[in-house]
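The values are calculated or read from the model by the stated rules, or taken from the named source; none is laboratory data. On a predicted model such as this, the values are computed, not experimentally measured, just so you know. Quick reminder, even Gly has a Cβ in these numbers, built from the backbone with ideal geometry, and neighbours come from all protein chains shown. Side chains included, ligands, DNA and RNA excluded: accessible areas come from the protein's heavy atoms. Shrake-Rupley method; radii C 1.70, N 1.55, O 1.52, S 1.80 Å.
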Amino acid sequence: MILLVFVIFFLAAALTVYTAMKLSEYADVISEKTTMGGMIVGTILLAGATSLPEVTTSFSAVVIGNIDIAIGNMLGSNLFNLLILAVFDLLYRRRQLYHQAGRSHLFSAVLGLFLMLVVTLALFLRIDYTIIGIGVDALLVLLIYIIGMVIISRLPSAPEPTEALMGDGPETETNEPAKDMSIKKAVIGFIIAAIAILLAGTVLSITGDQIAVITGMGSSFVGSFLIAATTSLPEAVSVYAALRLKNMNLAVGSILGSNMFNMIILAISDAVYQGGSILADVSQSNVYTGIAITLLSAVLIWALLRKRSASLWTYSIPSMITVIGYFIVSYLLFQG
């Protein structure tokens, strides 16, 4: 039985890797052949599709009464997403990923930071006040997200990086899928891949939870890191695929959009929860995860704002801070 759980887990992980690669290819076609561009497609379409496993995981956790897993999964996923972007930035540091991505990503990053500030403040203040059964803090998150996305959707499409900037670093593929595939085929393929991601991610969540029980790890650590890491696998693969397709805006947009989308899942989970304000009832340890995400989100904004650096070590400082910060928080929560 134990061996079967691990086999199913790795099969689901393999399926997730394959479908996430296809998802990024279809998203790349949509961004190339429509007026939306990589920034909007990544922030809305690809981010929403790769966040589907978090939806089922968090909603299921709320239904069975384990709200710490639900909130821990959302926060841990956001933290892990920042790690994903930092790791790929370090691997592709010669291209200076943050400098090649469109400046309009700053709006997404700032909106994500503001949403995280509201959530962290709500976790700290624990205001147990609801309107139509939904916590007032969750409603505020929803309102900020809607207003922010309306503004972002009206921003001009970010220009794609020039070929000269893409010459250094690991070898990448050309945008062949965007040349040969029709819009209709890309949209249909995107929908099918999104459904596959949802199913595979759900299996990852279930088996990841079972593995946690088998290995005897704590529930707060499980929610924030083990399950969060497994449900964030589609984001990791999508970023890698987007970088291989030379679509930097798609890569950055998918992570920033996923982090914002996760905050919406968190807020909607409050509507599923029937015990009051979900952010007022979860474990206090989630506050520390929220603070860590807020600080590392600010580091990401700093990285996007900085001017191009001649020194790769100087350029890599924000990503190194993010990687170190992630493992420090992981250690502290595991010890707690």
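Here the Karplus curve 6.51 cos²θ - 1.76 cosθ + 1.60, taken at θ = phi - 60°, turns the phi angles of region 50-67 into couplings of 6, 8, 4, x, 5, 4, 5, 5, 5, 5, 5, 5, 5, 4, 7, x, 9, 6 Hz, with x standing for Gly and Pro.
This model, with +1 at the C-beta of Lys and Arg and -1 at the C-beta of Asp and Glu, gives region 234-336 a dipole about its Cα centre of some 640 debye. A Förster distance of 22 Å, applied to the separation of the beta-carbon atoms of residue 182 and residue 153, puts the FRET efficiency at 0.35. Rolling a 1.4 Å probe across the protein heavy atoms gives region 68-110 an accessible surface of 26 Å² per residue.
In this structure the amide hydrogen of residue 135, modeled in the peptide plane, comes within under 5 Å of the amide hydrogens of 278, none closer than 5 places in sequence on its chain. Which whole-angstrom value gives the distance between the alpha carbon centres of region 283-336 and region 229-275? That distance is 17 Å.
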